[in-house]
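The values are calculated or read from the model by the stated rules, or taken from the named source; none is laboratory data. The shown structure was predicted, so the numbers you read here are calculated from the model rather than taken from an experiment. No Cβ is skipped: glycine too gets one built from the backbone with ideal geometry, and neighbour counts run over all protein chains shown. These accessible areas exclude ligands, DNA and RNA; they are computed on the full protein's heavy atoms, side chains included. Shrake-Rupley method; radii C 1.70, N 1.55, O 1.52, S 1.80 Å.
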Amino acid sequence: MKYMTAGELRGASLVAIVDDVPAGLRLQAASIQADLDRWSHGCSCGERREVDCAAILSGVSADGRTTGSPLSLVVDNAAYRASLEDEAPGQAAVPRPGSADLAGLLATDANDCRSIVEGSSARSQAALIAASAVAREFLAEFGVEIQSYVTRIGAAAMREQPIDFETLRYTPLEIESSPVRCPSAQASRAMEEEIAAACAVGDTLGGEVAVAIHGVAPALGSYRGGGMMARLSKAAFSARDVVSVSFGSACDMMRRRGSAVYDSAVLGAHGFAHTTNMLGGIEGGLTTGASVVMRVGVAPSASLRAPQKSIDLETLSDAESSSAAYSPCLVGGVAVAIEAEIAFALASAYQERFGGVAMSDIHSSYDAYMRRLRLAAR
């Protein structure tokens with residue numbers, strides 16, 4: 001399963017096409033809207049908040065099931081464009097530090113930074129979020145759930161117990177009821193204070209996101225290189241502003257001996273299992289069946305309100321950059337975008353292992369595989 005998106009910051013709409021969608025997958029518009037709302041909530045720490053609405057144009061039959069043809073969606077951009085009417089359009093010849101402006105101009109042989117801003121804006125993620133609902137619904141058929149929440153914004157961080165670090169199980173209400181998508185009320189307040197301080201001076205903040213994938217089938221991936229860890233890392237890095245990815249207790253692992261960090265295998269009630277999850281659900285490039293646990297670092301947005309030192313590409317003299325849109329912190333929204341990228345990567349892995357044409361055949365293959373694994377542990 002793969003996707004393609006198109007659309008620009010000030011365009012009329014954002015569109016997405018999802019290909020390699022198996023026939024017979026039940027898809028509801030409400031699930032698409034729910035993900036868009038979570039993403040908008042995560043991006044709303046700034047001064048704007050738009051209500052995005054998505055519509056399915058093709059690929060779904062009258063009974064709400066996919067047909068096997070490419071699925072197309074559109075996200076209306078009118079409300080967002082209206083919110084930018086009082087914003088300056090940005091500077092044509094002064095690239096923003098930390099953005100794709102300068103490198104984008106050199107790569108495309110263009111001379112207007114705004115053309116790069118339009119295509120690289122975080123706003124374009126709305127189409128990705130809408131499309132990812134297809135991959136999420138597919139994974140849900142096999143009991144897979146992808147969850148994310150914010151653990152750090154600037155200097156404000158959430159403290160977690162070791163058992164939480166291994167499982168990362170919080171209810172959606174605990175996460176989404178927080179303005180910053182952090183399940184700790186105390187940490188949420190500290191993060192909001194950090195954002196308010198940055199907003200007062202027109203600055204931006206980055207942070208850290210925890211991602212947990214529950215219900216993943218064991219032994220997915222490869223032990224010959226380019227395994228599941230590499231695949232999920234690539235997916236996470238595909239989200240805007242992601243600068244680091246780690247699995248399990250990687251930070252502690254580097255300081256400890258091997259005997260203290262590896263997960264021992266045991267015979268459980270439903271087959272093979274592990275006593276701990278220090279490696280984060282992936283062992284030797286293959287999933288273990290435990291929750292896949294990731295920590296993802298997110299850089300501050302390059303769209304600052306405060307002027308930054310730059311260069312005027314027309315005069316080649318010193319200049320100050322400005323941004324067309326400003327949000328002090330996008331970490332919560334980036335977390336949902338990371339979920340979306342991971343959903344597509346994992347859905348593709350399931351299709352490669354169990355087939356990808358019809359849901360009935362995929363279920364039969366999956367059931368036979370899980371039955372074989374249970375018998376192997378007897």
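Say whether the condition of being β-branched (Val, Ile, Thr) and either more than 20 Å from residue 175 (Cα to Cα) or open to solvent by 10 Å² or more (accessible area, probe 1.4 Å) (or both) is met by at least one residue in the range 347-367.
Yes: the range 347-367 contains one or more residues that are β-branched (Val, Ile, Thr) and either more than 20 Å from residue 175 (Cα to Cα) or open to solvent by 10 Å² or more (accessible area, probe 1.4 Å) (or both).
Do you know which residues across the range 319-360 are of a type outside the set (A, V, I, L, M), in a helix (DSSP H, G or I) and either in contact (Cβ under 8 Å) with a residue 12 or more places away in the chain or within 30 Å of residue 155 (Cα to Cα) (or both)?
332, 333, 339, 341, 344, 348, 350, 351, 353, 354, 360, listed by residue number.
Restricting the first residue to the range 255-277 and requiring it to be under 18 Å from residue 216 (Cα atoms) and modelled with pLDDT of 85 or more, which pairs with a second residue that is among the charged types (D, E, K, R) and outside any strand (DSSP E or B) meet a Cβ separation below 8 Å and a spacing of at least six or different chains?
277/166; 277/263
For the range 202-211, give me each residue that is buried (at least 22 other Cβ atoms within 10 Å of the Cβ) and not in a loop (DSSP other than H, G, I, E, B).
Once the filter is applied, which keeps residues that are buried (at least 22 other Cβ atoms within 10 Å of the Cβ) and not in a loop (DSSP other than H, G, I, E, B), the range 202-211 yields 205, 207, 209, 210, 211.
Based on this model, can you work out whether residue 302 counts as under 25 Å from residue 143 (Cβ atoms), within 29 Å of the chain's Cα centre (by Cα) and modelled with pLDDT of 85 or more?
Spelling it out, it is not the case that residue 302 is under 25 Å from residue 143 (Cβ atoms), within 29 Å of the chain's Cα centre (by Cα) and modelled with pLDDT of 85 or more.
Counting only residues that are in contact (Cβ under 8 Å) with a residue 40 or more places away in the chain, of a type in the set (D, E, K, R) and under 24 Å from residue 335 (Cβ atoms), how many does the range 212-254 have?
4
Would you please name the residue that is farthest from the chain's Cα centre (by Cα), looking only at residues in the range 274-299 that are within 30 Å of residue 114 (Cα to Cα) and surrounded by fewer than 23 Cβ atoms within 10 Å (Cβ to Cβ)?
Once the filter is applied, the top-ranked residue is 299.
Quick one: in the range 239-273, of everything that is within 30 Å of residue 126 (Cβ to Cβ) and open to solvent by 50 Å² or more (accessible area, probe 1.4 Å), which residue is nearest to the chain's Cα centre (by Cα)?
The qualifying residue nearest to the chain's Cα centre (by Cα) is 240.
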